[in-house]
Amino acid sequence: MTLDERPIRYPSPADPRPDFRALLRSKPVVRAEMPDGSIGWLVSGYNEVRQVLVDQRFSRARAVAPGRALQGTEVFAAGSINGLDPPEHTRIRRLVASAFTARRVEAMRPRVASIVDELIGGLLDQPQPADFVAGFALPLPVQVICEMLGIPAEDMEQFHAWSDTIVGDWQQDSDEIMTALAGLYGYFGRLIEVKRAQPADDLMTALIAARDETGRLSEEELTVLGCTLLIGGHETTANQISLSLLLLLDHPAEMDKLRADPGLIPGAVEELLRYVRLGGGLPPARMTTEEVELGGVTIPAGAVVLPLFATANRDPSVFSDPDRFDVSRGPASHLTFGAGVHHCLGAQLARLELQEAFRGLLGRVPGIRLAVPATELQFKPGMALYSLRELPIEWGEP
């Protein structure tokens, strides 16, 4: 093996390898040694990442198939819609897709705005400093997805603890993830029985009907789908809200632009989604079903391929001056929500929540600022997502 053929080593959070992204920019497809010693292919260029997402020769199902050693969130994905290929993926996704159309989601805007208003009122009634994570960023998406599914929001603390474990990074013990999954599956099993006895106008009741009346879901699929919607509907959005506020506070001129012109908020949300690096763990893997040419490189059949969304979103061939955060940046199609059949089902809902969150915060919380130095902020260990323990904030005149 020549020096050029040797795999690079995928960086860990403790070893960020500052040269890593520069290497990937010059080589959009490279062989790399994973944290467990296995070999995979890292894909970083925008066009190459998009091809991995839309080309069915890159299989999610094979990447999480039984018999493969799985780590972190892939343990959960293996049994969920996120670990399926068409046609099974298509069958299950169709059952819930109608609840997340742009029209249905837009109809939810007044309710989301009302929840934002209530949460901001609660924050402003608290003594300063207040924890933005517990007081706003987490309860907003939790309350929205709980209302959609018909889940008691007061159970948030219980299921969020399970969720934090399930969304573990590659160092998370798989037994701990399985224990959390068992707890969450048991919770949904009990919820399903309650809703069978007392149907309501919510998504879980509709899914139960799809299971009981048409047989389009098995009982296990029903339970896992409910868990997937709950975790996907709050975990990423909550962390995106917190990290987005942190980024805006670090760019006060950009925040001032949004205060002066709230019409910029929808575009600013797209820039926040492009710019914020939400995860530090391994991205959802694909496995090649046959030999594939990608970015001038031949990847063999049966190879593990990892599309790097955050790096693709900084590709200078697509985004001018990509490392500059600019809330007035022109429209561009970031890959934060993926593409193809696995494009995030809740993308429109996440956008709506972010838009209304910052519309409310910028309009009602003057002088919002960090209450501690940014260097004192701590992230929860062992998570695939960058998740702040707390985000202490103050407001008003300093």
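Quick notes on this one:
- Those helices (runs of 4 or more DSSP H) of region 86-127 in which 2 or more residues are in contact with a helix residue (DSSP H, G or I) (Cβ under 9 Å, 6 or more places away or on another chain) and over 30 Å from R57 (Cα atoms) occupy 102-107, 109-124.
- Consider region 353-390 and keep the residues that are assigned to a loop (DSSP other than H, G, I, E, B) and closer than 22 Å to I265 by Cα. The one that is most open to solvent (accessible area, probe 1.4 Å) is P366.
- Scanning region 124-139 for residues that are buried (at least 20 other Cβ atoms within 10 Å of the Cβ) and among the aliphatic types (A, V, I, L, M) yields a total of 4.
- Check on A77, modelled with pLDDT under 85, within 26 Å of W162 (Cβ to Cβ) and either in contact with a Lys or Arg (Cβ under 7 Å, 6 or more places away or on another chain) or surrounded by 14 or more Cβ atoms within 10 Å (Cβ to Cβ) (or both): yes
- Checking the stated criteria, V142 turns out not to satisfy the condition of being surrounded by 21 or more Cβ atoms within 10 Å (Cβ to Cβ) and over 24 Å from T205 (Cα atoms).
- Test for L24: is it buried (at least 17 other Cβ atoms within 10 Å of the Cβ), at pLDDT below 70 and not in a loop (DSSP other than H, G, I, E, B): yes
- Residue in region 204-218 that is closer than 27 Å to L42 by Cα, open to solvent by less than 40 Å² (accessible area, probe 1.4 Å) and at pLDDT below 85 present: no
- Condition check for T165: open to solvent by 60 Å² or more (accessible area, probe 1.4 Å), of a type in the set (V, I, T) and more than 17 Å from I241 (Cα to Cα): no
- Within region 281-314, the residues that satisfy the criterion of being in contact with a helix residue (DSSP H, G or I) (Cβ under 7 Å, 6 or more places away or on another chain) and under 24 Å from T236 (Cα atoms) are P283, P284, A285, R286, V305, P307, L308, F309, T311, A312, N313.
- Residue pairs meeting the criteria (Cβ under 7 Å; at least 6 apart or on separate chains; first more than 13 Å from P398 (Cα to Cα), in region 361-381; second assigned to a loop (DSSP other than H, G, I, E, B) and open to solvent by 60 Å² or more (accessible area, probe 1.4 Å)): Q378/R389; F379/Y386; F379/R389; K380/R389
- Cross-chain or 6+ apart pairs with Cβ under 8 Å, region 108-136 first and closer than 14 Å to E147 by Cβ, then of a type in the set (D, E, K, R) and not in a loop (DSSP other than H, G, I, E, B): R109/E356; R111/E147; V112/E353; V112/E356; A113/E356; A113/R359; V116/E356; V116/R359
- Scope region 54-85; condition within 24 Å of A180 (Cα to Cα), of a type in the set (S, T, N, Q) and not in a helix (DSSP H, G or I); matching residues: Q71, T73, S80
- Of the residues A107, A69, the single one that is small (G, A, S), farther than 28 Å from R216 by Cα and open to solvent by 30 Å² or more (accessible area, probe 1.4 Å) is A69.
The values are calculated or read from the model by the stated rules, or taken from the named source; none is laboratory data. Keep in mind the model is a prediction, meaning the values are calculated, not measured. Backbone-built Cβ (ideal geometry, glycine too); neighbour counts: all protein chains shown. For the accessible areas, the whole protein counts, side chains as well, though only heavy atoms, and no ligand, DNA or RNA atoms are used. Shrake-Rupley method; radii C 1.70, N 1.55, O 1.52, S 1.80 Å.
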